[in-house]
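The values are calculated or read from the model by the stated rules, or taken from the named source; none is laboratory data. Nothing here was measured: the structure is a model prediction, and the numbers come from that model. Here the Cβ positions follow ideal geometry from the backbone for every residue, glycine too, while neighbour counts run over all protein chains shown. The accessibility values were calculated without ligands, DNA or RNA, using every heavy atom of the protein model including side chains. Shrake-Rupley method; radii C 1.70, N 1.55, O 1.52, S 1.80 Å.
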Amino acid sequence: MRKVPLIDLSWQHRQVESLIQDGVAELFRTQQFILGGPVRQFEEAIAAYIGCRHAIACASGTDALLLSLMAAGIGPGDHVLTTPYSFFATASSIHRLGARPVFCDVDPRTFQLDTAKALELLAREQRIRAVLPVHLFGACMDLDPLQRACLERGIVLIEDAAQAIGSSWNGRPAGSFGAMASWSFFPTKNLGAYGDAGMITTGDEALAERLAMLRVHGSRVRYLHEEVGINSRLDSLQAVILSAKLTRLEEWNEMRRGNAALYRRLLEPEGYPIRLPAPEAPAVRHTFHQFVITCADREPLRAFLTGQGIATEVYYPTPLHLQPCFAYLGYRPGDLPVSELLATQALALPIYPGLSADDIAYVCHAIGRFYGAR
Ligand SMILES: Cc1ncc(COP(=O)(O)O)c(C=O)c1O
């Protein structure tokens, strides 16, 4: 039977293997293993790619969020508005600083923070000191209205851009709206390391300096600590790998977009009871970190596809406001109904670059067999 994995990184690796080998050989010669030249080069390359002034590398996307909130001075008693429909780290970083996540429901078509509801919450809740939206699944959110509201009220806007490298809204790249943006280079991300890695980007020099200090135990001068930071440095080895992969990122993102277009071409005319990801608004450049459909019979469809050798994944089965560790916040089932419904209906199909047109046709055919057979 044909097997279609959710992701296969071996094709990507072959594209950059020799570049990585050269970089690693050079690193073994220079021995700058942590925050060395390769890290600085990668920071410069990311700053240029995103189009911002400063990029500060760190050990993971989770740390990038934590460091951004620390640099913004978020702490006990502060409220931070965010989405319940995201990876856990979006909210855990807020909690870890003693601040309180305030969850706002999402838009049913785009899975992104519902801007109108977020603006309402901002107007009502005076204790909100930061807003942390997520560019989910590779689609850049329109953050113009939230950026304006935050600027008017002196609230810091931090973009969780972990899933959205290369995406844009109205020509503005993800990462260009907030005071800071945090990025993850987890291996399965569109730009993935061979281990954990993360980055914060900002246009603000003072924030950049503070972030660079916070990631090395709050120290600017060796063994002198202005405040208690964390240890979150990027390995040069990962920087070498990421710099090599960055040279191909645009091409790989285009392949993801091509795969999404093919899914759409094959599935849309069939009229199956599934909803495809929101059609790209002309303003959005979606980089399809994930291709997520929604349907009422997600579990039987998923089981059928598994039986056909097709791997799928559920992002995310439990919204953050209903996670056991956040019970103390007092949310109840039904409080954020859109996120709760999406959690039962969303299903990610394989979309990675290197996936063949035949594989996509096989997935679409299997979906057709599932609905035809009922
Ligand atoms: C939206 C989002 N935020 C934060 C993270 C955390 O990144 P990391 O896994 O690199 O710590 C991830 C990825 O895993 C993510 O998808």
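For the range 302-374, with all protein chains in place and a probe radius of 1.4 Å, 57% of the accessible heavy-atom surface sits on carbon or sulfur. By the gyration tensor of its Cα atoms, with a ≥ b ≥ c the square roots of the eigenvalues, what is the shape of the range 73-140: rounded for a/c under 1.5, prolate for a/b over b/c, or oblate? Oblate. Given a 1.4 angstrom probe, I'd like the percentage of the accessible area of the range 10-246 that is carbon and sulfur, rounded to a whole number. Carbon and sulfur: 53 percent of the exposed surface of the range 10-246.
The length gained on full extension between Glu254 and Phe33, counted as 0.36 nm times the residue separation minus their Cα-Cα distance, comes to 76.3 nm. Simple spin-label estimate for Glu26 and Ala261 gives 3.5 nm between the two label positions (7 Å along the Cα-to-Cβ direction from each Cα).
Annotation: for a label point projected 7 angstrom from Cα along Cα→Cβ of Thr188, residues of the range 5-45 with backbone N closer than 12 Å are 5-9.
Can you check what the net charge comes to around Asp358, using other residues whose Cβ is under 13 Å from the Cβ of Asp358 (Lys, Arg +1; Asp, Glu -1)? Residues close to Asp358 contribute a combined charge of +1. Taking every alpha-carbon pair under 8 Å whose residues sit at least 6 apart, the range 10-246 reaches a relative contact order of 27 percent. Within a straight-line Cα-Cα reach of under 25 Å, Lys3 can be paired with the following lysines, leaving aside sequence neighbours fewer than 8 residues apart in one chain: Lys189. By the equivalent-ellipsoid construction on the alpha carbon gyration tensor, the chain comes out with semi-axes of 33, 28, 17 Å, ordered largest to smallest. Other residues within the sphere of radius under 13 Å centred on the Cβ of Ala197, judged by their own Cβ, net out at 0 (K and R +1, D and E -1). The residues of the chain expose, per residue, 42 Å² of accessible area to a 1.4 Å probe. P(r) tail, the range 209-250: Cα-Cα pairs separated by more than 16 Å, 49% of all pairs.
Screening the chain for DSSP H helices whose Cα atoms reach 18 Å or more along their own axis and whose mean Kyte hydropathy is at least -0.5 gives 37-50, 357-372. With q set to 0.14, 0.22 Å⁻¹, the log10 of I(q)/I(0) for the range 179-286, from the Debye formula over equal scatterers at the Cα positions, is -0.78, -1.20.
For the range 249-372, the Kirkwood radius over C-alpha pairs fed into Stokes-Einstein at 10 °C and 1.306 mPa s yields D = 100 µm² per second. Counting charges near Arg298 (Lys, Arg +1; Asp, Glu -1) among other residues having Cβ under 12 Å from its Cβ returns a value of -1. Note on Val228 and Glu120: with the Förster distance fixed at 41 Å, the Cβ-Cβ geometry gives a FRET efficiency of about 0.65. Each residue of the range 74-195 gets 98 Å³ once the volume of the Cα convex hull is shared out per residue. In terms of packing, defined here as the mean over residues of other Cβ atoms within 10 angstrom, the peptides 38-49, 305-316 line up highest first as 38-49, 305-316. Taking label points 7 Å from Cα along the Cα-to-Cβ direction, Leu341 and Leu151 give a separation of 3.4 nm.
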